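Enquirer: Quick one: this structure, given as structure tokens, is what I'll be asking you about.
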Protein chains: 6
Amino acid sequence: MRPSGRQINEMRNVTIETNVTMHAEGSCLIKCGNTHVLCTATIDDRVPPFLKNSGLGWVTAEYGMLPRATNTRMRREAKEGQSGRTQEIQRLIGRSLRAGVDRVALGERQIIVDCDVIQADGGTRCASITGGWVALKLAVLKLMKTGQIISDPLVDPVAAISCGIYAGQEVLDLDYPEDSEAGVDGNFVMTGGRLVEVQMSAEGATFSRAQMDGLLGLAEKGVAELTALQLAAVR
Amino acid sequence: MRPSGRQINEMRNVTIETNVTMHAEGSCLIKCGNTHVLCTATIDDRVPPFLKNSGLGWVTAEYGMLPRATNTRMRREAKEGQSGRTQEIQRLIGRSLRAGVDRVALGERQIIVDCDVIQADGGTRCASITGGWVALKLAVLKLMKTGQIISDPLVDPVAAISCGIYAGQEVLDLDYPEDSEAGVDGNFVMTGGRLVEVQMSAEGATFSRAQMDGLLGLAEKGVAELTALQLAAVR
Amino acid sequence: MRPSGRQINEMRNVTIETNVTMHAEGSCLIKCGNTHVLCTATIDDRVPPFLKNSGLGWVTAEYGMLPRATNTRMRREAKEGQSGRTQEIQRLIGRSLRAGVDRVALGERQIIVDCDVIQADGGTRCASITGGWVALKLAVLKLMKTGQIISDPLVDPVAAISCGIYAGQEVLDLDYPEDSEAGVDGNFVMTGGRLVEVQMSAEGATFSRAQMDGLLGLAEKGVAELTALQLAAVR
Amino acid sequence: MRPSGRQINEMRNVTIETNVTMHAEGSCLIKCGNTHVLCTATIDDRVPPFLKNSGLGWVTAEYGMLPRATNTRMRREAKEGQSGRTQEIQRLIGRSLRAGVDRVALGERQIIVDCDVIQADGGTRCASITGGWVALKLAVLKLMKTGQIISDPLVDPVAAISCGIYAGQEVLDLDYPEDSEAGVDGNFVMTGGRLVEVQMSAEGATFSRAQMDGLLGLAEKGVAELTALQLAAVR
Amino acid sequence: MRPSGRQINEMRNVTIETNVTMHAEGSCLIKCGNTHVLCTATIDDRVPPFLKNSGLGWVTAEYGMLPRATNTRMRREAKEGQSGRTQEIQRLIGRSLRAGVDRVALGERQIIVDCDVIQADGGTRCASITGGWVALKLAVLKLMKTGQIISDPLVDPVAAISCGIYAGQEVLDLDYPEDSEAGVDGNFVMTGGRLVEVQMSAEGATFSRAQMDGLLGLAEKGVAELTALQLAAVR
Amino acid sequence: MRPSGRQINEMRNVTIETNVTMHAEGSCLIKCGNTHVLCTATIDDRVPPFLKNSGLGWVTAEYGMLPRATNTRMRREAKEGQSGRTQEIQRLIGRSLRAGVDRVALGERQIIVDCDVIQADGGTRCASITGGWVALKLAVLKLMKTGQIISDPLVDPVAAISCGIYAGQEVLDLDYPEDSEAGVDGNFVMTGGRLVEVQMSAEGATFSRAQMDGLLGLAEKGVAELTALQLAAVR
């Protein structure tokens, strides 16, 4: 039934290659099927103004897409400014990653996670969160190795997966052909078995509480699989 | 327990005054406690380019806040451009209202719903959706009265309410003092007893599926009450 | 002769409702006929850089119009930036209000007056000045009550009225139907019986010194009436 | 009494050199004392959208100042956008010039008048209007010579002069040292012995009707002298 | 003598991997040592307005750098707009590629070449030109295969290399450590054994005609090697 | 053969008038045939942030063109921002002038050179560099006269000239009719007999090393003539 032939509760093949750039303190290239996102983490000694002298750390994220990451070339945002959609996504990534951070243990420093979509086939914001956590963790491990951080501020991985209602069925991990047809779809961010963000959205459609529940179940399954891959990648 | 002394499943007092401006085709002033939003609906014969000659209608929304609607004066967005938060909110309002529109019945025209917050005390995006639907309905009724629309494109009201976890308890309709303290809060948009949008978000916190379920239950109660007020307002 | 049936030297009905928002230090809703402007005054301890450590205060103004305040919906300035017209108006409001302020008595603080047009029917800049002064005065009274200001920096009210040549006749207080037809119109700002600003402008027309004199006479009459209303409002 | 030693009703020396650039259809360099403005007029066959197929012409103006036209170097507007002051000035120039144009006789074309201040010493907007009219006239004469225009759309010159209250006295044509001290100053635009624009403005001061009258008298004297120079220049 | 231990006339190791993205009509990942650039070519049926109905084709380029492509993270251009440096580089890439295009043979269509720097270590604009030509060629070959183009509009490859004076010696292909020290450096673009662009630039230094000649000789050597790699890549 | 009748190695007539504005510390009006550029130098005690407390000086440049400096009126950059071309030119001017500056001798101060094109007929960037050096020198001489600078930081003049291949021939100092036809043209900046910048560029053409050499020879001749004029101007 699914264009890709996958089962309704089957994720795409996911790989996470780490340390892919020479400059960043942490980095990975995450591939969720044909969606490829390069995630880098940059350590910055300066925190945003509202945290000066607070002793608390900060994690923020920025998101971008190469113009021809998509089937039809998109305008380059550098020429016309970030769209509302881009800003919404990078706020989500930052909020999600912070949910898994002990900001006291991190200490007064900032880590900036850049998520740049090299190739897009649906689910780029979820791949960014999942891969972004890996880049973040690798940067933190570097700080721990040099003794700049004593106790690990990142306990459980933060991972995200999309689910939606496609052709009347609740399915896990929508690719672009499904996403562009689905009237209802959403993103679920979890850490340590608990929810961090739930963003269900319908365009010209609605959904019941029972469907909502079914999607939550699928998301739990997907996030469990992603978490195992994240832990393997940073080991 | 709540700063306002409300029960955990008790909404603020809501009033909807209709036809409050002389120029707009539909308008209302919705007051959800101390949150006051002026909603106007403008009928435009031109649709966005992607709908030209499609026979389909469109509903879109814009959102703004007067600089001193808040306790501390905010910068005027006209001077520095819309923030990412503003864009995210107005996309949500537009998407939510469209979920309750039969775009064939509306015909090839656009209705623009402006939601301007006169005074803010938490829950401005939900008040905008609830009041925005009333303004939209009043504009549509005007089109039906003149025969420009034959069958009503708006069947069930679209309404929205916030819920969150405050002081460890699931509560309905957060005001600003609660919202600024709650680690977990979200917005629920519903129509005809079904869900349209669910946006749960945690800042430095997480939540369980059981809590999610509890919040959904509160939201259903709140939306039912709002729907009754909406129907009374447009009668 | 006038579309509204008013006498040539007759102002529209003016009301000033004070303390209309919960957050601002001073506020009023001024209605000049169908022109409704919400004015709020915000006290800010910081002055502009050029006044640091000068001991002098500052009063500035910002002006905005809700998109559907007008008969035809206007673009939202937050999306495309303030127009030249908007900037010109808010500079006028700020300059006018400052003419009535003893900046030594005010002390080194700034008061920002926001004038937001809820509904427009001509004369919005004059209503903003007249209502803006009321909001400013209420904020100053609050500072005096708490002893932060000792001697009142606002002696005489500042008020403004438009006059113009409509259908060959000099008339007081143009509403929109008159304003859009008048070849010559202007705004007169006064305080304590003296002039602060005179802005006469002709589009495709000219006027004589005698006509100029007639308009000045009408303006004096109008401002006297507005001043009485301002004093009543802040009492 | 005046820094320059001029009489209170004495203008600075004014010269108007015409045809100073090889490309523009009309041009002049006007020098009002040390204020030097290069004015060029460009004929454009296209009118603004709101005049298409109306048969009516249009005149508009743009204003700029070289960064080091002033005593202290100013930011280059090309880098940060036109200030509100610049926009206000160019709207004034355009409106003033249009007051002297028979737009039917001009025919459906646009003339753009660029006024660029090479050196500033007060009164740049008035010099721009006075010199702008000369450039405009020269461009129109070119259109008449080639038969593209039959009857002259510019009958009387449009000229402008500043007046103000300096050291308690009403004076004509303020230079920069006077302008920066004067609490009250204004610009008067006239054509054919009648007024087009009056912009009196006070910063931290007020003025009486009698003073207003005195300034109008000075302005009439100054404009008469400028008009003679304009007519000589275009002959 | 060189930080990398290379001979003064020795290029870094260069590899060109083709068809690296699923969406673009042509693509490659070029690696010049540690400088990695992803180049994609997009075919667009629409040409820029000035070429409509001319029968001529167009090739243009855009250039970007991921924020952490460099040792120190750079601001994301999407947030603040393209810098002058970025615009200068992408104009150079476009001009260089067009030098090798028969625009009549290309036909009235546009090919947009995006060059995005994934990792930077000096020489990104040269790598972009060299890799950009490969992506362009692959897109053109696709058009020839489907018969949309009959005769090949790309005869000789266009390639570019940097040269400079480092520690007093003329060296080929500067990497970042050399580039940041060199007082004189430049970029040479060639096609078919002839020059297309020469951009020699000195910061706080100068150079003689003899040195200029030496650098031209090095560039010829480097371009010859790059050309062989380009031809191999597109075969 | 040349539209102007000049020999292939013949420059246009060049004049340099100094001290043309009353405010700038150094200024000149350079005329290269019909290309007229006003150059002013402003001394600023503040250096850019990266030079604070370094003891080193800085020279930077800004470039602009009046809207009707050209045959067809151009958009005013103040309205839409500096084009990439403008930024590229002003970076070139600044870099070129700095090549002739001893930044230690200059001391920790900045000189800003503004080059504004009053009338354009080709070669504006070269005229800006040549005239900009004169304005810079005059400002420096003022600093030396007052003893703020002891040893002259400007030894040899910096001058620039364009050369190109027009109608198959290498020619010196292209004017606009030649520049718009030439497939290959470039700018050469020199000081003290040595090269500072070489920018050869071809649009739809290429050139040989022999031609490059011929152009360098022409440039040397032209720069020698310009240098003599510069020295005469500042004496």
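Enquirer: Using alpha carbon coordinates only, what is the Rg to Rh ratio of segment E:85-172, with Rh defined as the Kirkwood radius?
Expert: Reported Rg/Rh (Cα atoms, Kirkwood Rh): 1.06.
Enquirer: Helix-derived [θ] at 222 nm for chain D: sum -39500 (n - 2.57) over DSSP H runs of at least 4, divide by residue count, nearest 500?
Expert: Using -39500 (n - 2.57) per qualifying helix, the result is -10000 deg cm²/dmol.
Enquirer: Roughly how much accessible area, to the nearest 100 Å², goes out of reach of solvent when E and A pair up, both sides summed, probe 1.4 Å?
Expert: 2700
Enquirer: Per residue and in Å³, how big is the convex hull formed by the alpha-carbon atoms of segment F:130-235?
Expert: It comes to 98 Å³ per residue, whole-number rounded.
Enquirer: Taking the label point 7 Å from Cα in the Cβ direction, how far apart in nm is B:Lys145 from each other copy of itself, listed shortest first?
Expert: Relative to the other copies, B:Lys145 has label-point distances of 4.3, 6.4, 6.4, 7.3, 8.0 nm.
Enquirer: Could you tally the net charge around C:Ile16, taking each other residue with its Cβ under 14 Å from the Cβ of C:Ile16, Lys/Arg +1 and Asp/Glu -1?
Expert: Residues near C:Ile16 contribute +2 overall.
Enquirer: Of C:Lys52/C:Lys79; B:Lys79/D:Lys79; A:Lys79/B:Lys52; C:Lys79/D:Lys52, which sit over 21 Å apart, Cα to Cα?
Expert: Listed pairs above 21 Å: C:Lys52/C:Lys79; A:Lys79/B:Lys52; C:Lys79/D:Lys52.
Enquirer: Given bins 20 angstrom wide, list per bin the percent of all Cα-Cα distances in the protein assembly as shown, short to long.
Expert: 9, 30, 37, 22, 2
Enquirer: Which of these, E:Val134, E:Val59, E:Val104, has the largest mean-square fluctuation under a Gaussian network model of chain E (Cα springs below 10 Å)?
Expert: Of the options given, E:Val104 has the highest mean-square fluctuation.
Enquirer: Which order, highest average first, do D:12-25, E:109-122 follow once you tally other Cβ atoms within 10 Å for each residue and take the mean per peptide?
Expert: The packing order, highest mean first, is E:109-122, D:12-25.
Enquirer: Going toward the positive end of the dipole of segment F:14-234, with +1 on Lys and Arg Cβ and -1 on Asp and Glu Cβ, which of F:Tyr166, F:Ile30, F:Ala41 do you reach last?
Expert: Sorting the options by dipole projection puts first F:Ala41.
Enquirer: Between copies, how close do the A:Glu10 label points come, placed 7 Å along Cα→Cβ, listed in nm from shortest?
Expert: Relative to the other copies, A:Glu10 has label-point distances of 5.2, 5.4, 8.3, 8.3, 9.8 nm.
Enquirer: While we're on this one: If eta is 1.002 mPa s and T is 20 °C, what Stokes-Einstein diffusion coefficient results for segment D:14-234, Kirkwood Rh from Cα pairs, in µm²/s?
Expert: Approximately 121 µm²/s, per Stokes-Einstein.
Enquirer: Still on this structure: Zone of D:Ala205 (label point 7 Å along Cα→Cβ, backbone N under 14 Å): which residues in segment C:181-210?
Expert: From segment C:181-210, the list is C:195-197.
Enquirer: Place the label 7 angstrom along Cα→C-beta at F:Glu225 and in each other copy, then list the distances from the first to the rest in nm, shortest first.
Expert: 4.3, 4.7, 7.7, 7.7, 8.9
Enquirer: Return the distance in nm (one decimal) between the two label points of a simple spin-label model at A:Met22 and F:Thr72, each offset 7 Å from Cα along Cα→Cβ.
Expert: Label-label distance for A:Met22 and F:Thr72, simple model: 4.7 nm.
Enquirer: Residues of the protein assembly as shown: accessible area per residue at 1.4 Å, in Å²?
Expert: That works out to 37 Å² for each residue.
Enquirer: Set the Förster radius R0 to 41 Å, insert the Cβ-Cβ distance between A:Asp44 and A:Ser180 as r into 1/(1 + (r/R0)^6), and round the FRET efficiency to 0.05.
Expert: According to the calculation, E is roughly 0.65.
Enquirer: Return, ordered by residue number, the residues of segment B:200-235 whose backbone nitrogen is under 19 Å from a label point located 7 Å along Cα→Cβ of B:Met144.
Expert: Once the point is set 7 Å along Cα→Cβ of B:Met144, B:227-235 turn out to lie under 19 Å by backbone N, inside segment B:200-235.
Enquirer: Using the alpha-carbon atoms, what tilt in degrees (0 to 90, nearest 10) does helix E:84-98 show relative to the longest principal axis of chain E?
Expert: Rounded to the nearest ten degrees, it is 60.
Enquirer: Straight-line reach from D:Lys221: which lysines fall under 27 Å, measuring Cα to Cα and dropping same-chain residues less than 8 apart?
Expert: Counting by Cα, and skipping residues close in sequence, D:Lys221 has these lysines nearby: D:Lys31, D:Lys137.
Enquirer: Let me ask another. By Cβ position, which chain B residue lies least far from the axis that rotates chain B onto chain C, and what is the distance to the nearest whole angstrom?
Expert: Result for the axis mapping B onto C: B:Ala78, 2.
The values are calculated or read from the model by the stated rules, or taken from the named source; none is laboratory data. As the structure is a computational prediction, the values presented were derived from the model and not from experiment. Because the Cβ atoms are built from the backbone with ideal geometry, glycine has one as well, and the counts that use them run over all protein chains shown. Remember, those area values only see protein heavy atoms, side chains included, never the ligands or the DNA or RNA. Shrake-Rupley method; radii C 1.70, N 1.55, O 1.52, S 1.80 Å.
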